[in-house]
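Contents: one structure, followed by commentary.
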Amino acid sequence: MAAGLGLAFAGRGAAMTALIWVLYASSGSAWLVSGAMLATFGVSTATSPFTGHAGDRHDRRRVVVVSAIFTALALAVCAPLALAGLTIPIVIAIVVASATHGAISPAIQGAVPALVEDEQRSAANSLVNAAKSGGFMLGPGLGGALLAVIGPAGVFLGSALMLAAAAILVGRLDGEFRAAPHEDGPGGHMDGFRRLMSDGWLRLLTLAWALVMVGVGPVIVAEVVLARHFAVGSLGYGLIAVFWDGGGVIGALAGRRISRRLEQPAVVGGCVAIAFGFAVVGLTPIFWPVLVGMFISGSFDAFGVVAAQNIIQRRTPDHLRSRVSAALDAVVLGTMALSFALGAPLVELLGPQGVYLAAGAVAALGALLLLPMLVGMPDLPPRVRATRRRIERPVRTMARNLSYGRRRVVERVRRKATDRV
């Protein structure tokens, strides 16, 4: 499962790198690149209720395989389009690939708790997140390196092969991958969002992470300007991302042995570390501390994500886990996509290092929001009312009981009146 997820994100990252190259080389327009990124993330966010529901309603292994195959086909179509110089059809194909790719991570995140015992949850989530971070790190680097050798068409084809390999790996797994049946049926597409908003702790975590992403979007825009500011060229620009994602791999692996009592401090500490690392980047007069700051931010962020995944999975019924994962991704990534629009104005206003300082301040606010988690997080009651249907049932039962009680009172009064007569 973890290897399949890593390959899926590596393939997607390489394809996105090729897309950015093709669009900028053909038009020289940063606006076209921004529009394509917004469309890609926007479609993935819009389809998240449906992709998450697929993971909860069907065999999650089959959902991963089918999604990876359709994504691979969409990326393979981009290869001849790149050779023909048809940029807009490439964007359309990438948007389709992004919509189908969005089902992979929620299905895997939903399947993990059913495959391991509770005491092995940290190790399993650690491995999955390490593979995901590795895919994020290797995909763009591999795509950028191959662009000069085999061109965009070759990168798109290689990305398709990575998605096909992910489908083969996951498809060969044995075990039970279907969500446990629920007495009220599969529920609706929006139940993941309802679950996030109905549980106070999950709602707090979602809002804090969304706030952090408001700062991360402009930081991604500012990275290339920061590399130019320190005159480190494309190598330095690539190292910024490598140290963030490389730290993410190490931090996720370090989360293998996190205990349950340290999960809440790890989640809060992840936001604090992001704020500290961004502050280092924003204040340094030389380049190498930039890499240190990004490594600190990436490693502790991934460590906190492992802890957060443990908490989310423990507080979510099995029949809702894929939808909750998809809903959380939609909120967090959707917020980051919208924050891309702030990147260029903030870089002009604050400069690249000022953008990092502002993002650090926003991450610190996110950590403040999460401070109540340190006081304690009560466990869920055995019967969790996760959907509207389950909430409405007690109300209907109460109404029936009141109606029955009213009839009993009326009958008793009539009986007494009859006896007196």
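Details
- In the stretch 340-351 there is no residue matching the filter, namely being in a helix (DSSP H, G or I), under 22 Å from the mean Cα position of the chain (by Cα) and under 21 Å from V272 (Cβ atoms).
- Residues that are of a type outside the set (S, T, N, Q), at pLDDT below 70 and out of contact with any Leu (no Cβ under 7 Å at 6 or more places or on another chain), drawn from the stretch 24-48: Y24, G28, A30, W31
- Candidates A386, A307, A330, A302 - the one that is touching an Asp or Glu at 6+ places or on another chain (Cβ under 6 Å), crowded, with 23+ Cβ neighbours inside 10 Å and either of a type in the set (G, A, S) or at pLDDT 80 or above (or both): A307
- Any chance L346 is in contact with a Leu (Cβ under 8 Å, 6 or more places away or on another chain) and either in contact (Cβ under 8 Å) with a residue 12 or more places away in the chain or farther than 30 Å from R194 by Cα (or both): no
- Meets criteria (without any contact (Cβ under 8 Å) to a residue 60 or more places away in the chain and under 17 Å from the mean Cα position of the chain (by Cα)) for S322: no
The values are calculated or read from the model by the stated rules, or taken from the named source; none is laboratory data. This is a predicted model, so every value here is computed, not measured. Cβ coordinates were reconstructed from backbone atoms using ideal geometry, including for glycine residues, and neighbour counts include every protein chain displayed.
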